[in-house]
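A.B. asks: Right, I'll just put the structure down here and ask away after.
The values are calculated or read from the model by the stated rules, or taken from the named source; none is laboratory data. The structure presented is a predicted model; accordingly, all values stated were derived computationally and were not measured. Note: ideal-geometry Cβ built from the backbone for every residue, glycine included; neighbour counts use all protein chains shown. These accessible areas exclude ligands, DNA and RNA; they are computed on the full protein's heavy atoms, side chains included. Shrake-Rupley method; radii C 1.70, N 1.55, O 1.52, S 1.80 Å.
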Number of protein chains: 2
Amino acid sequence: MIIVPEKEIAGLIGRKESFEAVENVFAAMSRGDAYNFPVIRENIGHADALYGFKSGFDRAGLALGLKSGGYWPGNEAKGLTNHQSTIFLFDADTGKVKAVIGGNLLTALRTAAASSVSIKYLAPKNAKVLGMIGAGHQSAFQMRSAVEHRDFDKIIGWNYHPEMLSRLEDVANELGLPFEAVSLGQLGAEADVIISITSSFDPILMDAHVSGGTHIACMGTDTKGKQELEAALVGRATVFTDEVAQSISIGECQHAVADGLIAESDINELGAVINGNHTGRSSEDELTLFDGTGVGLQDIAVASAVVDLAVKNGVAIEVDF
Amino acid sequence: MIIVPEKEIAGLIGRKESFEAVENVFAAMSRGDAYNFPVIRENIGHADALYGFKSGFDRAGLALGLKSGGYWPGNEAKGLTNHQSTIFLFDADTGKVKAVIGGNLLTALRTAAASSVSIKYLAPKNAKVLGMIGAGHQSAFQMRSAVEHRDFDKIIGWNYHPEMLSRLEDVANELGLPFEAVSLGQLGAEADVIISITSSFDPILMDAHVSGGTHIACMGTDTKGKQELEAALVGRATVFTDEVAQSISIGECQHAVADGLIAESDINELGAVINGNHTGRSSEDELTLFDGTGVGLQDIAVASAVVDLAVKNGVAIEVDF
């Protein structure tokens, strides 16, 4: 059994490898070569924790595994990350456990990779303004990854707590880009690409806010009841997702489907665009939306890449198990 | 993170500790202090494997975890066990992974412990004849554990492949007890306690086979469609189980419930007997049945005990994770 502790992850894998792993597995999912198992998510009734796992199997890459973990709101006071994740990989030929990998940084990397894959395939080619909604821990990962896929010349942002916008400004400045804190109306009007990554249970970005040929990567909604966009905005977009089943049940599309504004059959797999089976954006004026719900196969894909890199770089801990 | 490899398990835990762990967690489940999460079980479409996980949380013991694994029918030809299990424990206060434990021997021990807990609480006090149906890998564990809870003077057995009965005879002889291969009719008529542990999809033990105040521990049925007992036999027994939800969906009771012979409300928790909230057997002539479906909390309970023993005995491998 190979062990790759959390502290080694940053030295092993970056945005490029994460992007490739996620792009490949979205393509495999759409070809039917990879599928996710049902998600387990439980309010355990202790420490206010939400715990669960996401799992799946990529038959093409023979990658079988699960990510276990959840949200422990009291962790920060103990000097720990509130989100705690560990990824376990199994040998698809024998069922024996193969590797245990720290999953905290990988979760941020694979989530940023997903929105970036959507930007690569769906954003307007000449996108210049990136709009960020949300300024939490993952927003920095999202921004760093997004700017590698279009030639942005400005970043604008909004957050429920404006005092946290300094995070976005700091990262934008590191990237050599100007940053401006804006209203949601200005954000929706000016941004060519919008990334929303919040834990909101009420719509933040409204239909009337958004004009023009925008691409929205909606990355925060991963639970029944969560919502970042007004359903009417989803209703008039060409909609793509990582996994349709999750999109309509726990993703952003749950609300537009419930309101009868879109049908399940209106939701396209991003993998179909990667595989050339869907044309993606058809004009610069089109409104496109990526509903990134987060699937276990993303975790398995980046963790598999990390294990290979850890072995290659001599930092994998081997335990006779 | 603590690691306890499969090869260390036999030296750390035996029947006594497994029995106590399972008895305690059945009691905690019935008090509402511990609960199992939904079971994931998937035919992964590779190597004919069935893969999945069972998981749960014991709030009383703060034991949170999952058993991952499954059945790989091609393993035996590679010199590996077909059933492959690994148990993962998490810190209930922070969500961090706490331990990785080999789960193969523990699965056999916790399953034998479950039927033995049922024998302790439900079998006739003066039971003398133990009847075994099934002679696979787990049958030996079942027999060794069962004989510790009643003063049996004879073991009788039946198996679909009679040539495998030598396993039962060998173990009985080791235990100093005579063994006799019998017909199902003779087994049902003579045995005071019957343990069935097969992977059958058709009823083996029929209603007409069984007479008198028998206790049946039905341990093989853990999947939709599996069946060891004729539904009418279940229908006339006083029925107990580890978890009612599993009993009616994937356990032996699925068939009697589907046939309308018993209702969900007729099925009692074994934990209620342990806690003194159900009297259990009311007379020596009663037919009692334990539907042992196998729950994640059993795995978590024995694995937690193993981790404590491994630390105490200095064989736990500690990895800075």
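A.B. asks: Any idea what Rg and Dmax come out to for region A:131-284 if you just take the C-alpha atoms, in Å?
C.D. replies: When restricted to Cα atoms, region A:131-284 yields Rg and Dmax of 15.2, 44 Å.
A.B. asks: Another question, if that's okay. When only the heavy atoms of the protein chains count and the probe is 1.4 Å, how do B:LEU168, B:LEU62 rank by accessible area, highest first?
C.D. replies: B:LEU62, B:LEU168
A.B. asks: If you don't mind, there's one more thing I want to ask. Leaving ligands, DNA and RNA out of it, rank B:SER196, A:SER282 by accessible area with a 1.4 Å probe, largest first.
C.D. replies: Sorted by accessible area, descending: A:SER282, B:SER196.
A.B. asks: Per residue of A:53-60, count partner chain C-beta atoms within 10 Å of its C-beta, then hand back the mean as an integer.
C.D. replies: For peptide A:53-60, the averaged partner shielding equals 3.
A.B. asks: Also, quick follow-up: Can you work out ³J(HN,Hα) from phi for every residue in region B:128-136, in order, using Karplus 6.51 cos²θ - 1.76 cosθ + 1.60 and θ = phi - 60°, giving whole Hz and x for Gly and Pro?
C.D. replies: Each residue's phi maps through the Karplus curve to give 10, 10, 9, x, 10, 10, x, 9, x Hz.
A.B. asks: Which order do A:ARG144, A:ARG110, B:ARG167, B:ARG41 take by accessible area at a 1.4 Å probe, largest first?
C.D. replies: B:ARG41, B:ARG167, A:ARG144, A:ARG110
A.B. asks: Let me ask something additional. Output, in nm with one decimal and in ascending order, the distances from the B:GLU264 label point to the matching label points of the other copies (7 Å from Cα along Cα-to-Cβ).
C.D. replies: For B:GLU264, the other copies' label points sit at 2.4 nm, shortest first.
A.B. asks: Based on Cβ point charges of +1 for Lys and Arg and -1 for Asp and Glu, what charge dipole magnitude is obtained for chain A about its Cα centre, in debye rounded to the nearest 20?
C.D. replies: 500
A.B. asks: Here is a further query. Report the accessible area of B:ILE119, computed with a 1.4 Å probe over the heavy atoms of all protein chains in place, in Å² rounded to the nearest 10.
C.D. replies: 0
A.B. asks: If you take each beta carbon of peptide B:75-82 and count the beta carbons of other chains within 10 angstrom, what is the mean?
C.D. replies: Whole-number average of other-chain Cβ neighbours for B:75-82 is 2.
A.B. asks: Relative contact order of chain A: what whole-number percent is it, with Cα pairs under 8 angstrom and at least 6 residues apart?
C.D. replies: 22
A.B. asks: How far is it, in nm, from the label point at A:LYS78 to the one at B:LEU50 when both lie 7 Å from their Cα along the line to the Cβ?
C.D. replies: 3.7
A.B. asks: Same structure again: How much of B:SER68 can a 1.4 Å solvent probe reach, expressed as accessible area in Å² and rounded to 10?
C.D. replies: Ignoring ligands and nucleic acids, B:SER68 comes out at about 0 Å².
A.B. asks: Of all the Cα-Cα pairs you can form in chain A, what percent are over 23 Å apart?
C.D. replies: Distances greater than 23 Å cover 55 percent of the Cα pairs.
A.B. asks: Say a label goes 7 Å from Cα toward Cβ at B:LYS312 in every copy; what distances in nm does this one have to the rest, shortest first?
C.D. replies: The projected label point of B:LYS312 is separated from its counterparts by 4.6 nm.
A.B. asks: For region A:181-262, what's the radius of gyration and Dmax over Cα atoms, in angstrom?
C.D. replies: Cα radius of gyration and Dmax of region A:181-262 are 11.8, 35 Å respectively.
A.B. asks: Using the Karplus curve 6.51 cos²θ - 1.76 cosθ + 1.60 with θ = phi - 60°, what ³J(HN,Hα) values do you get for each residue of region B:107-115, in whole Hz, with x for Gly and Pro?
C.D. replies: Result, ordered by residue: 5, 5, 5, 6, 6, 5, 4, 4, 5 Hz.
A.B. asks: In addition: Based on Cβ point charges of +1 for Lys and Arg and -1 for Asp and Glu, what charge dipole magnitude is obtained for the protein assembly as shown about its Cα centre, in debye rounded to the nearest 20?
C.D. replies: So the magnitude is around 760 debye.
A.B. asks: A further question on this structure: Please list 3J(HN,Hα) in residue order for region A:219-233, calculated via the Karplus relation 6.51 cos²θ - 1.76 cosθ + 1.60 where θ = phi - 60°; whole Hz, with x for glycine and proline.
C.D. replies: Rounded to whole hertz, the list is 10, x, 8, 9, 8, 4, x, 5, 7, 10, 10, 4, 4, 5, 5.
A.B. asks: Under the √(5λ) rule applied to the eigenvalues of the Cα gyration tensor, what semi-axes describe the equivalent ellipsoid of region B:1-122? Give them in Å, descending.
C.D. replies: 24, 18, 16
A.B. asks: Assuming a ≥ b ≥ c are the square roots of the Cα gyration tensor eigenvalues, decide whether region A:257-307 counts as rounded (a/c under 1.5), prolate (otherwise, with a/b larger than b/c) or oblate.
C.D. replies: It is oblate, given that a/c is not under 1.5 and a/b is not larger than b/c.
A.B. asks: May I pose another question? Measure up A:LYS16/B:LYS54; A:LYS120/A:LYS226; A:LYS54/A:LYS98; A:LYS7/A:LYS125 against 28 Å on the Cα-Cα distance and list the ones that go over.
C.D. replies: Pairs exceeding the cut-off: A:LYS16/B:LYS54; A:LYS7/A:LYS125.
A.B. asks: Per residue of chain B, what 222 nm ellipticity follows from adding -39500 (n - 2.57) for every DSSP H run with n ≥ 4, rounded to the nearest 500?
C.D. replies: Per the formula, -10000 deg cm²/dmol.
A.B. asks: For region A:86-156, just the Cα set please: Rg and Dmax, both in angstrom.
C.D. replies: Considering region A:86-156 through its Cα atoms, Rg and Dmax are 16.4, 51 Å.
A.B. asks: What figure in square angstrom, to the nearest 10, would you give for the accessible area of B:ASP48 with a 1.4 Å probe?
C.D. replies: Probe radius 1.4 Å; accessible area of B:ASP48 about 130 Å².
A.B. asks: Moving to a separate point now. With a 10 Å radius around each residue's Cβ, average the other Cβ atoms per peptide and rank B:241-250, A:175-184, B:288-297, highest first.
C.D. replies: B:288-297, B:241-250, A:175-184
A.B. asks: Over the whole of A:32-38, what's the average partner chain Cβ count within 10 Å per residue? Rounded to a whole number, please.
C.D. replies: Across the residues of A:32-38, the mean count of other-chain Cβ atoms within 10 Å is 2.
A.B. asks: Could I ask something else about it? Can you list, shortest first in nanometers, how far B:GLY32 lies from the same residue in the other copies, with each label 7 Å from Cα toward Cβ?
C.D. replies: In nanometres, ordered from closest: 4.8.
A.B. asks: Let me know the volume per residue of the alpha-carbon convex hull for the protein assembly as shown, in Å³.
C.D. replies: 157
A.B. asks: Continuing with this model, one more query. How big is the gap, in Å, between the Cα center of region A:217-279 and the Cα center of region A:94-154?
C.D. replies: Result: 18 Å between the Cα centres.
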